[in-house]
Amino acid sequence: MSSALTLYRLQQIDNRLKQVTARINLIQAQLDTNVELQEATSRLNSAQVTSHTLEQELIEAEKKTNSFRVKLNIAESNLYAGRIQNPKELQDLQKDITSIKKNMADCEDKQLDIMIRLEASALELENAKKNMDVTKGKVIAENSTLMAELITLQKDSENLNVQRQAVIPTIDETTLGQYENLRIKRSGFAVSQVIENACDACGSALTPAYAQSVHTSSRLVLCPMCGRILYSN
């Protein structure tokens, strides 16, 4: 198989893949812009953020409570160990213990408040997930034709990508690079057929000898007008 023919077949795959991808994106956009689905998504995202935030707050509150608990254990140990005899030091230590207990109680109250809110948040998150599932099902049912097309297109895309991956290794790197550059410059059409001694893409007439070289040459032959790679049956 000639390089031009291989590139022509790759171009057919690429152009079809481009069409399929564009249609998939369009359908997906239509489904994603459903107002009810957007509201369900927003509710779910909000519930997830709230739940995560409260979980982090609870972790921090637990750390602070544990820190005060350790300080309290140390302070009470020093108080009851009998090592401190100075009345002023004992008085200061008792004040510290009172302050630590108050701070620890405040932290425990905060923990309890966070736990209550986290429980409510978990319920809201569960409801938001259920609502999302119901909404998705409703959107799918209302857009069954689009969904059927989407599934078909996704399968087409997979098959086309498999075909492309099978062709790519048969093309040398330099030739493939030339093809890719031309596709960018020429709106996806890097290869043009020669029909009746003319470039089918730009209509430029070719001499019989030049047209024959497209068919017989082992090298790529370019259209002298548009620069596309020429292919001839």
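Any read-out appearing in this document is the output of simple, stated calculations on the displayed coordinates, not a laboratory observation. As the structure is a computational prediction, the values presented were derived from the model and not from experiment. Glycine gets a Cβ as well: all are built from the backbone with ideal geometry, and neighbour counts include every protein chain shown.
Worth pointing out:
- According to the calculation over all Cα-Cα pairs in the stretch 171-231, the P(r) per 10 Å bin from zero is 25, 54, 21, 0 %.
- Scoring 57-64, 85-92 by mean Cβ neighbours within 10 Å over their residues and listing the highest first yields 57-64, 85-92.
- For the chain, the cysteines with no partner cysteine C-beta closer than 4.7 Å are Cys107.
- Computed from phi, the 3J(HN,Hα) profile of the stretch 102-116 under the Karplus parametrisation 6.51, -1.76, 1.60 (θ = phi - 60°) reads 5, 4, 5, 5, 4, 5, 5, 5, 5, 4, 4, 4, 5, 4, 5 Hz, with x in place of Gly and Pro.
- For Ala198, the residues 5 or more places off, or on other chains, whose built amide H falls under 5 Å of its own are Leu206.
- Between the stretch 113-190 and the stretch 3-52, the alpha-carbon centres lie 5 Å apart.
- Inter-label distance for Val162 and Gln28, nm, one decimal - labels placed 7 Å from Cα along Cα-to-Cβ: 2.1 nm
- Fewest-first sequence of Val221, Val191, Val49 by Cβ atoms within 10 Å of each Cβ: Val49, Val221, Val191
- Packing order of peptides 111-120, 174-183, 7-16, highest average first: 7-16, 174-183, 111-120 (average count of other Cβ atoms within 10 Å over each peptide's residues).
- Phi-based couplings in Hz for the stretch 53-66 (Karplus 6.51, -1.76, 1.60; Gly and Pro marked x): 4, 5, 4, 5, 4, 5, 4, 5, 5, 5, 4, 5, 4, 4
- For the chain, a/c is not less than 1.5, where a ≥ b ≥ c are the root eigenvalues of the C-alpha gyration tensor, and a/b tops b/c. That puts it in the prolate class.
- Positive-end residue of Ile184, Leu206, Val221, charge dipole of the stretch 171-231 with Cβ unit charges: Ile184
- Note, ³J(HN,Hα) from phi for the stretch 20-37, Karplus 6.51, -1.76, 1.60, rounded to Hz, x at Gly and Pro: 5, 4, 4, 5, 4, 4, 5, 5, 4, 5, 4, 6, 6, 8, 4, 4, 5, 5
- Computed [θ] at 222 nm, helices only, for the chain once each DSSP H run of length n ≥ 4 contributes -39500 (n - 2.57): -27500 deg cm²/dmol
- Cβ-placed point charges (K, R +1; D, E -1), dipole of the chain about Cα centre in debye, nearest 20: 580 debye
- Amide H to amide H distances under 5 Å link Tyr231 with Ser192, Gln193, Val194, where only residues 5 or more positions off or on other chains count and H is placed in the peptide plane.
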